[in-house]
């Protein structure tokens, strides 16, 4: 087992490095080893949140100890929960119960954590408390209107805001109005915010989603004892009905490995010749496994072993080997199951034979950065033939069409991307990690302008990748 692979019970190595300044990745000889990635960020946020809403003590093993999740933990403390981490890395949450949140005596600072912020907007909306939400420069640019619209229908009021951006102050209601809300666009965050607001409602709150999105909130609600009815409708949509004011009871949670974090070593192993990597304990929830499905369609050698269930979530070990990939068309309806993985999928596409067309990526424009533009710009500066058409991303493997050594399809005969560029990350951790992966297989090193934000979701990215054989230099080391 890799020593950088996070062997503590908390899922985060004590020697985690904080990355600062620019970073550069150099072409690797091969990547090999067995790794265990950090806990899933979505599950970690929700474990802290539902532990706070439950009666009793919730013990959480494998919590992701990145900046985003720690910001959620601080917010839960502000609502009255007692949250501690023991010497074995297990987190303990003594909850206050549904309807019993305390009013925070300070501004809730979420840093870069969009998930934590939006979910907790829903939580505050369904309680008779007032809270002010803020975040870093990146989070302040992200729209909150999708969440604010339904929770205002339920009785919450925005007291102060810059349009629908942070900082904003939300006044919740002690008796939220149960509503039936049809999601205008697929969004697990909006769905979850409405359900969280409905937890303290005297009746049934219903969410209808036209396309299935991540179902972690529904799974965890049921796990803690909520009365939840889920129905697939004739038109292909899905109805989730929650009976309000349940007595949630604390239960232990083991957080599985984050598939969005696993995506980086997974793609690195696929594109670096001679590589063979085993990634243990990865969540393979169908609402999160779109990247694996897509890569297998492209010809990736990925095997799922030791499939099992942990804490209500399906889990498996992924065995990945270097593969010759072929470009495909990725349908728009797959986007909700892999929305965070498109940057690293685009990197895989850069090494594939032929064109990869990724449809319907409008949601990428409102993430930590305009990811659609950031990915296209990063590929272009490293010599990849890339086009954005509306909300579609089209990547031709190898060098620019017509460039030195280009074949008729625009790909390089040796399958390598030129590299040599410096990528603007726009304070986006996934852009940063995706392009460091690109540099591990490109002809020339690939540089990112700032590695600091990687710690928001993957504090051990650098030591883990180095332990597999990657050459990534940061700050003064460069």
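Computed quantities for the displayed model
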quantity	calculated
When residues of the stretch 421-438 are limited to those that are over 17 Å from the mean Cα position of the chain (by Cα) and farther than 14 Å from residue 345 by Cα, the one surrounded by the most Cβ atoms within 10 Å (Cβ to Cβ)	423
Condition met for residue 123 (within 29 Å of residue 455 (Cβ to Cβ), part of a helix (DSSP H, G or I), in contact (Cβ under 8 Å) with a residue 24 or more places away in the chain and in contact with a helix residue (DSSP H, G or I) (Cβ under 6 Å, 6 or more places away or on another chain))	yes
Test for residue 358: is it closer than 14 Å to residue 266 by Cβ and at pLDDT 90 or above	no
Sole residue being in contact (Cβ under 8 Å) with a residue 60 or more places away in the chain, within 20 Å of the chain's Cα centre (by Cα), buried (at least 20 other Cβ atoms within 10 Å of the Cβ) and under 30 Å from residue 218 (Cα atoms), chosen from 283, 338, 358	283
Tally of residues being modelled with pLDDT of 90 or more and either outside any loop (DSSP other than H, G, I, E, B) or closer than 21 Å to residue 256 by Cβ (or both) across the stretch 1-37	10
Test for residue 101: is it in a loop (DSSP other than H, G, I, E, B), in the same structural domain as residue 223 (by TED's automatic domain parsing), over 14 Å from residue 252 (Cβ atoms) and modelled with pLDDT under 95	no
Any hit, the stretch 291-309, residues being part of a helix (DSSP H, G or I), in contact with a helix residue (DSSP H, G or I) (Cβ under 6 Å, 6 or more places away or on another chain), at pLDDT 95 or above and assigned by TED's automatic domain parsing to the domain that holds residue 363	yes
Strands (runs of 3 or more DSSP E) within the stretch 48-94 that include 1 or more residues without any contact (Cβ under 8 Å) to a residue 40 or more places away in the chain, surrounded by fewer than 24 Cβ atoms within 10 Å (Cβ to Cβ) and out of contact with any helix residue (DSSP H, G or I) (no Cβ under 9 Å at 6 or more places or on another chain)	82-85
Residue 109 being within 19 Å of residue 161 (Cα to Cα), touching a helix residue (DSSP H, G or I) at 6+ places or on another chain (Cβ under 7 Å) and surrounded by fewer than 24 Cβ atoms within 10 Å (Cβ to Cβ)	yes
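The values are calculated or read from the model by the stated rules, or taken from the named source; none is laboratory data. Keep in mind that what you see is a predicted model, and the values were worked out from it rather than measured. We place every Cβ from the backbone using ideal geometry, glycine too, and count neighbours over all the protein chains shown.
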